[in-house]
Amino acid sequence: MRLNTSRLEMLHLLDSLGTVRAVAAALHLSPSAVSAQLAVLEAETRAELLQRVGRRVRLTAAGRTLARHARVILDQVKAAEADLRDLSGQPAGPVRLAAFSSAVRTLVIPLAARLRRTHPRIELEVSELDPQDSRPALRRGDCDVIVTADFSDGSAPLDPDVHTIPLLADAIVLVTAQDQAGPEGPVDLADFAAAAWSVDLPGTYLSRLVSSSCRQAGFEPRVAGRFSSYELLLAHVEAGLSVSLLPELAVDGRYRVAIRALREPLTRQVYAAVRGRSALTAAARIVLDELRDLSAARVHA
């Protein structure tokens, strides 16, 4: 049995995207062409990979197993191609990195600037993606490395096929206008029960964070602004119109705001993640090493 990598890619995409039509769109093919190639793959493997459900298909247990192997095989092929390019001794080639907005500003843009100086043949492609979007993108193979965050200790993998690399702990802080900062030292959220609050859009982690934290402190926050960007939120706070809770990485120093630690600390863990069973290219390994160095330097600073 010889497996064709193009057909393996179709199976992997079907596992990620869910429909033959979506796979066809991703590969710029017709749905009938994708279906025909998947039928050939079934014949090659002598296994039932797909099960028709109404007008759609879904992967069988054998199909899901082969799809997991397909992602590893495709990454191995990519790594082999990159290694051949790297025979000059200078790592080269594309690395697709996705990160949430404040990590892009504080970690990824400095990383890109450093790589341009030290490894100019590495082609870093940066995308802004929230954690809930970057994790599926990593599993699909849309990116090679992600920088993401959660409120766990960061040591547990997202799933068996994902490997995480801790970068730093990001404290959640109260942000106020500078003239509303009050005495130095940690603050109790209950002291801000009468304040107006700025939050992210409904359903986002920051919106839920503000609501749950204030409720634990014994009050319902009075929302004065909802913003999808940290820049607008910080401008609202800077003008003295509201206060907010933000991860410290998200507090842009260009805004004249005060940062206050919480008496009951809350921290999110920031980490990089890669597909766990896949071979990393030399360029991707350098990206991870540089991310660790930049994160360590920020912690020490």
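Values in this text are rule-based calculations from the coordinates and carry no lab data. Given the structure is predicted, the values throughout are model-derived calculations rather than measurements. Cβ atoms come from the backbone with ideal geometry, glycine included; neighbour counts cover every protein chain shown.
General remarks:
- For the chain, share of DSSP beta bridges that run antiparallel, in % to the nearest 5: 60 percent
- Peptides 265-276, 175-186 ranked from most to least packed, by the mean per-residue count of other Cβ atoms within 10 Å: 265-276, 175-186.
- Globularity index of the range 5-82, i.e. its alpha-carbon radius of gyration over 2.2 N^0.38 Å: 1.05
- Residue-wise HN-Hα coupling along the range 97-104, computed from phi with Karplus coefficients 6.51, -1.76, 1.60 (Hz; x: Gly, Pro): 10, 10, 8, 6, 4, 5, 6, 4
- Burial ranking of peptide ranges 108-120, 246-258, 51-63, 204-216 (average Cβ count within 10 Å, highest at the top): 246-258, 204-216, 108-120, 51-63
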